[in-house]
1. Per residue Cα convex hull volume for the range A:1-52, in cubic angstrom?
2. Could you work out the Kirkwood radius for the range A:1-157, taking every pair of different alpha carbons, averaging 1/r and inverting it, reported in Å?
3. Taking R0 as 25 Å, what FRET efficiency do you get between residue B:162 and residue B:289 from their Cβ-Cβ distance, rounded to the nearest 0.05?
4. Only bridges with both residues in the range A:1-116 count here: give the DSSP antiparallel percent, nearest 5.
5. So how tilted is helix B:45-59 from the main axis of chain B? Cα-based, degrees 0 to 90, rounded to 10.
6. Could you work out, residue by residue across B:170-180, how many beta carbons of other chains sit within 10 Å of that residue's beta carbon, and then give the average as an integer?
7. Can you list, shortest first and in nm, the gaps between the label point of residue A:179 and those of its counterparts in the other copies, using a point 7 Å from Cα in the C-beta direction?
8. Between the range A:262-286 and the range B:119-144, what is the C-alpha centre distance in whole Å?
């Protein structure tokens, strides 16, 4: 079961999941979500809608061209789609945006009495020393000093939390990629930053106070520390899923090799194909799991 | 003029503003944006579209019921609308999300050769010790320890930046609110956090490790330090606008009084009316400024 560490929640007459436009009094959450076994999350609302269509087709439980309704249609903060036991939710960009979503998602799964849930973030990232298009399954999320921790500030004080992801799940995803045999997948550390430009040592932001050599040295050090890609959500995702007792994985495609440049210059078609890779891998994994559990 | 502090940008043949789906080679940025004098930004894409319609009507330069095209229609990361000299851009939730947008917005204004630009964030927030619906114009953004600084991590090292906002602009906005005389407006400090639940001492997140007393004491200390509202973007907004040489203000309505509760329980209609208040105030301000400059 999904578990909360909050003694005050059960005392609420109505729990309003404000950024989803859902609530325990206004919606029958167990009826709507009680059968959820897989939750896939990603930054882009379009991509999460696309994933729902894709997984519907892959699992043979829905039309891949159908227009699945957005469960959070009453708000523009996040989008949410469901087909069978697969829930798909967008989370915007950055740690704060995904953290709000995860607080409300974990409460939703708890209120809906879900059990044995697996949650996977399918995203995009900048790669380090990898061919663009390579998929990285995160072993551990690290901060910009390459430490495996997430800093949460509570009542003005820093609290440090673990950022390990489920090892067995990561290995199973790597194994699925080998069976699928369509693109390269590696397991590695993922660096999670609060900024896309200065925070990731890019030379093409509005501000830049370092030289190309300093940038290269920093990324090289990251590579030597085991970092294979950089994104902006994995640390809080790992820490919150662990606290909620939910098995979690991060599967991101790399859109470029940061040792070679900063701008994302690949054509629209190439980038679109890259972004489908985590979806394909996770789709294959879900199909395999459902097959196993129905045997 | 908007200024960049990046010696490498002018060497780029093409500057791709990836998250806007715009670029210096693919778009004639001076022709599209050269006349921009006011930029209004806010978290919600729907609200920013609504603001464009509202300001079109207020300034008498467009139909308030027209369907203004989204300039960033090629991406789902941000929405952008323009009417006359007013640009309206959504920024999602949290520091990282608005920071990506601001890097690309400041570069856009620079490439478009804009001058004398004023940028105003119109948002929502939790109030401290204020009647819900009160509008707060930020004097200074403070962190969760009530310090007026924004921490940017560059090449793994912390850099601290100023978070003061333009004092004269804040006073002018307060003055406008008095002239408008439709709702209460105050000038105060705004606390900027990385999390909506634990980071803002809420008791209704998925996790909560403090008591109601500890929560209340923390918010009381914030009030004593001059904090009148809490949101999630003002610190990086203040610091980046200052670095870009752009006059900036933060105008947020308070949706609830955090000394009295955590959940946003007001009716949809009441919340909708509250959210119009910063728009009305900023609309009044822009109209007055344009009148002044045409005299």
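No lab work stands behind these numbers, since they all come straight from the coordinates. The structure presented is a predicted model; accordingly, all values stated were derived computationally and were not measured. Cβ placement follows ideal geometry from the backbone for every residue including glycine, while neighbour counts extend to all protein chains displayed.
1. On the way: hull volume 6.5 nm³, N = 52.
Given the Cα convex hull of the range A:1-52, per-residue volume reads 125 Å³.
2. Details: mean 1/r = 0.0581 Å⁻¹.
The Cα-based Kirkwood calculation yields 17.2 Å.
3. Values: r = 25 Å, r/R0 = 1.00.
The formula returns an efficiency of 0.50 here.
4. Numbers: 6 of 11 bridges.
Here the share of antiparallel DSSP bridges comes out near 55 percent.
5. For B:45-59 against chain B, the angle is about 70 degrees.
6. Details: counts 0, 0, 0, 0, 0, 0, 0, 0, 0, 0, 0.
For peptide B:170-180, the averaged partner shielding equals 0.
7. With the label placed 7 Å along Cα→Cβ, residue A:179 yields 6.9 nm.
8. 39 Å
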